[in-house]
Amino acid sequence: MPVSRRSSRDVAAEITDLIIRKLEEGVPPWSRPWRISGGGGRPLRHCGTPYTGINTLYLWALGDAMGYRSRFWMTYRQAEALGANVRRGETGAIS
């Protein structure tokens, strides 16, 4: 009997869609003014460790698209352990 798997998201397609959307808006995501509002910089785990690989591109693009002002990312459980709150209705960026 095969083991059922959760349906996986196509992260590469999501990144591509975000880049295309920015290009259509006339703002290449790799071209920025000297000062930008928001987090900028490389995405970091809640403990300060930088993300690597495709996660870096995905979180950069997602953070920019969503207008996030922080470059820190964490799981629900990590937020809970730190005593932080997660707004009702929020969903994860990568599943």
Positions within segment 48-95 being closer than 20 Å to ALA12 by Cα and among the small types (Gly, Ala, Ser), in sequence order: GLY53, ALA61, GLY63, ALA65, GLY92, ALA93, SER95
Only one of (1) modelled with pLDDT of 80 or more; (2) closer than 23 Å to GLN78 by Cα fails for ARG6. Which number is that? (1)
Residue pairs within 9 Å by beta carbon, gap of at least six or interchain, first lying in segment 30-53 and modelled with pLDDT under 75, second among the hydroxyl-bearing types (Ser, Thr, Tyr) and assigned to a loop (DSSP other than H, G, I, E, B), listed first then second, are GLY38/TYR68; GLY38/SER70; GLY39/TYR68; GLY39/SER70
Qualifying positions in segment 49-81 - more than 23 Å from VAL27 (Cα to Cα) and either surrounded by 10 or more Cβ atoms within 10 Å (Cβ to Cβ) or in contact with a Phe, Trp or Tyr (Cβ under 8 Å, 6 or more places away or on another chain) (or both): PRO50, TYR51, PHE72, TRP73, MET74, THR75, TYR76, GLN78, ALA79, GLU80, ALA81
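The values are calculated or read from the model by the stated rules, or taken from the named source; none is laboratory data. Predicted, not measured: the structure shown is a model, and the values here were computed from it. Virtual Cβ from ideal backbone geometry, glycine too; neighbours counted across all protein chains shown.
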